[in-house]
Amino acid sequence: MVVDGEKSISWAAAKLKRSEKTIRRYRKELLENPNADLVHKNRGREPANKTDHELIWHLYCTKYYGLNITYFCEKLEENESIKISEGLVRLIFKEHDEFSAKAWRRTKNELRKRLRELKKLTKRQKEVLVQLETEPYVRTTHPTQPRSKYFGEELQMDASIHLWFGTRKCALHTAIDDATGLIVGAWFDCQETRNGYYQITKQFLAKYGLPLLIKTDRRTVFEYKRKNEKDMAEDAMTQYQHVCQTLGIELQCSSSPQFKPRVERSYGTLQGRLPFELKEAGVTTIEEANAFLKKYIQKFNEQFAIRKGIKSVWVKVAKD
């Protein structure tokens, strides 16, 4: 009709939901060849850079199962030389009715609704649906707390008991700077111990110096109070308190997780990444794990810590 002059190009563009430039190209092709079908020459051809969805899914199931999407994409590029976007991985997960370890609640709800509507489920789909139905509600919003202004102004220390490697749980002690998010000390031990905290203290004293403030849990390692006793005698001071007082470091203790959110949040990232790194490195003992930590923490800090434009207030310790 456009070629015959019965209708305008703008009318055809609106009718066919194409641009006017495309309609002009169609008209030109039809004028040159009235029998042209106007089908794009690449229709039906596979793109040269097409990603093999089944290969990505196979790698996830066999080598990287349980990793979140961001970390999975990093490992594909690092180990398999496959550069892929997070959006495409989400699409592949959706094709196989799978969700990421860090999926939003909205994503899980959409998958749960879709699986409920299916009349016949595969074995894998049934397992996923059971997992979604029995998963406890977890609040996804976290109260934010402004960072400290200076590097070394505030350290937060804690330990996380988790299945980091092997078949038995152990404790990872860490000290993290609040301003930069830099892990300044890390140490594995069989459980949360005074030795673990001494080790990470030794690490940041030797590398950075004295911080102004340390925030920790209200553990007997840091603070000791007898029950039903209001006043605390001077001789009840713990060894760690005595060390901090001697070095001029302020020590604050609280049992509330909101008191030291930076270190609490860091364990979410570490628990999603470090176990896989330890498994990939073949770590089976605490000694091997502590040796591995030295290189891994450096890599972790390079990826997640903020150093640019933040001044330091660490007090250097005399080496003698």
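The values are calculated or read from the model by the stated rules, or taken from the named source; none is laboratory data. Because the structure is predicted, anything quoted here is derived from the model rather than measured. Every residue, glycine among them, receives a Cβ derived from its backbone with ideal geometry; neighbour counts consider all protein chains shown. Just so you know, the surface numbers come from the protein's heavy atoms only, side chains and all, with ligands and any DNA or RNA stripped out. Shrake-Rupley method; radii C 1.70, N 1.55, O 1.52, S 1.80 Å.
Data overview
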quantity	calculated
Odd one out for Asn35 among (1) touching a residue at least 12 places away in the same chain (Cβ under 8 Å); (2) surrounded by fewer than 10 Cβ atoms within 10 Å (Cβ to Cβ)	(1)
Residue list for the range 180-205, filter: surrounded by fewer than 22 Cβ atoms within 10 Å (Cβ to Cβ) and farther than 19 Å from Phe292 by Cβ	Gly181, Gln191, Glu192, Thr193, Arg194, Tyr198, Leu205
Hits in the range 263-294 - residues which are in a helix (DSSP H, G or I), touching a helix residue (DSSP H, G or I) at 6+ places or on another chain (Cβ under 8 Å) and free of Cβ contacts under 8 Å to residues at least 24 places away in the same chain	Glu277, Phe292
Verdict on Arg18 being at pLDDT 85 or above, part of a helix (DSSP H, G or I) and either more than 30 Å from Lys83 (Cα to Cα) or not aliphatic (A, V, I, L, M) (or both)	no
Ile297 being surrounded by 18 or more Cβ atoms within 10 Å (Cβ to Cβ), more than 20 Å from Ile200 (Cα to Cα) and in contact with a strand residue (DSSP E or B) (Cβ under 7 Å, 6 or more places away or on another chain)	no
Near pairs, Cβ below 8 angstrom, 6+ apart or cross-chain, from the range 192-218 (without any contact (Cβ under 8 Å) to a residue 40 or more places away in the chain and among the β-branched types (Val, Ile, Thr)) to any residue that is open to solvent by less than 10 Å² (accessible area, probe 1.4 Å) and part of a helix (DSSP H, G or I)	none
Number of the condition not met by Glu264 [criteria: (1) acidic (Asp, Glu); (2) within 19 Å of Ala159 (Cβ to Cβ); (3) more than 26 Å from the chain's Cα centre (by Cα)]	(3)
Where a residue in the range 48-75 is at positive phi and its partner, wherever it lies, is open to solvent by 40 Å² or more (accessible area, probe 1.4 Å), with Cβ under 8 Å and at least six apart	Gly66/Ala101
Qualifying position, being surrounded by 15 or more Cβ atoms within 10 Å (Cβ to Cβ), touching a Cys at 6+ places or on another chain (Cβ under 9 Å) and modelled with pLDDT of 90 or more, among Ala289, Ala305	Ala289
From Ile310, Ile297, residue being of a type in the set (A, V, I, L, M) and either assigned to a helix (DSSP H, G or I) or within 16 Å of the chain's Cα centre (by Cα) (or both)	Ile297
